1. Using a cut-off of 13 Å between beta-carbons, work out the net charge of the residues near residue 69 (Lys and Arg +1, Asp and Glu -1, residue 69 not included).
2. Taking the square root of 5 times each eigenvalue of the Cα gyration tensor, what semi-axes in Å does the equivalent ellipsoid of the chain have, largest first?
3. What chymotrypsin sites (Phe, Trp or Tyr not before Pro) does the range 1-93 have in DSSP loop regions with at most 11 other beta carbons within 10 Å?
4. Quick one: net charge of residue 93's neighbours, Cβ under 11 Å, K/R +1, D/E -1?
5. Give the lysines whose C-alpha is closer than 28 Å to that of residue 23, dropping any in the same chain fewer than 8 places away, or say none.
6. Averaging sequence separations of C-alpha pairs under 8 Å and six or more residues apart, then dividing by the length of the range 5-98, give the relative contact order as a whole percent.
7. Convert each backbone phi in the range 66-75 into a coupling constant with the Karplus relation 6.51 cos²θ - 1.76 cosθ + 1.60 (shift: θ = phi - 60°), then list the ³J(HN,Hα) values in order as whole Hz, x for Gly and Pro.
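What follows draws every value from the coordinates through simple rules; no lab data is involved. Quick caveat: nothing in here was measured; it's all calculated off a predicted structure. Reconstructed Cβ throughout: ideal geometry from the backbone, glycine too, with neighbour counts over all protein chains shown.
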Amino acid sequence: MSDETKERVHIYGSSVAGNIFVKSNQSWIEQVLKQHKINFRFVDVAADEDALKYMKRKNRGEKELPQIFVDGEYKGITKDFQEAVEFKEVNKFLGLEK
């Protein structure tokens, strides 16, 4: 895996999400990133109050989980990522194009 993407991609989600769609979306995003050999870190906002506050400050009011951040910048939610996958633009969406 590329050092360039080490820890640049953060998936903000919840380990205690009661909604099955949140958990399945988190899992799907992680699978896609692994398939693309993109390193990422899962940030559990249910267990980290500071991370939750940071996410809320940066995400333009978005409430849906999971949320994708790169280099601390909010990129979108699952539906945004799904569109990038559909159009084979994952690296472009994440801002990781070379």
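1. Counting the neighbours of residue 69, the net charge comes to +2.
2. 20, 15, 13
3. The qualifying sites are 87.
4. -2
5. Straight-distance partners of residue 23: 6, 34, 37, 53, 56, 58, 63, 75, 79, 88, 92.
6. That works out to 33 percent.
7. Here the 3J(HN,Hα) series is x, 10, 10, 10, 10, 6, x, 9, 5, 10 Hz.
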